[in-house]
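The structure appears below as structure tokens.
The values are calculated or read from the model by the stated rules, or taken from the named source; none is laboratory data. These numbers were taken from a predicted model, which means no experiment stands behind them. Cβ coordinates were reconstructed from backbone atoms using ideal geometry, including for glycine residues, and neighbour counts include every protein chain displayed. Note: areas computed on protein heavy atoms with side chains; ligands, DNA, RNA excluded. Shrake-Rupley method; radii C 1.70, N 1.55, O 1.52, S 1.80 Å.
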Amino acid sequence: MRNQSKPAVEASFLNVQNAAKYMGISVNTLYVWRHRRQGPPSFRMGPGGRVMYSRDLLDAWLSEQQQADSRSNPALNPLNKAPQQRGRRRTA
């Protein structure tokens with residue numbers, strides 16, 4: 001019988017280090033975003049107040065960021081829109 005390893009359980013909640021690794025950014029960047037309240041939603045867990053991130057909310061936040069960028073969302077690319085017509089100038 002082969003030695004089969006059990007599948008790893010993926011955590012639903014990530015600490016700062018694991019969340020940064022999951023998103024491919026530095027821990028410092030994640031701390032700065034949290035301080036400025038512009039990054040993914042986080043919360044404090046437990047008596048020590050450890051900062052944690054929900055994997056589902058990280059995925060949702062990353063998806064929002066991708067949809068808000070005109071390079072990855074063709075609907076927002078200004079080159080895909082018809083040029084606007086200028087109104088006629090009024091003469092005095």
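Numbers below:
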read-out: A19 at pLDDT 95 or above, hydrophobic (A, V, I, L, M, F, W, C) and touching a strand residue (DSSP E or B) at 6+ places or on another chain (Cβ under 7 Å); value: yes
read-out: Residue list for the stretch 22-41, filter: polar (S, T, N, Q) and modelled with pLDDT under 95; value: Q38
read-out: Checklist (1) open to solvent by 70 Å² or more (accessible area, probe 1.4 Å); (2) part of a loop (DSSP other than H, G, I, E, B); (3) at pLDDT below 75 applied to L79, failing item; value: (2)
read-out: Where a residue in the stretch 21-49 is on the phi > 0 side of the Ramachandran plot and its partner, wherever it lies, is among the charged types (D, E, K, R) and open to solvent by 100 Å² or more (accessible area, probe 1.4 Å), with Cβ under 8 Å and at least six apart; value: none
read-out: Top-ranked residue of the stretch 36-74 - restricted to ones that are open to solvent by 80 Å² or more (accessible area, probe 1.4 Å) and part of a loop (DSSP other than H, G, I, E, B), ranked as nearest to E10 (Cα to Cα); value: P47
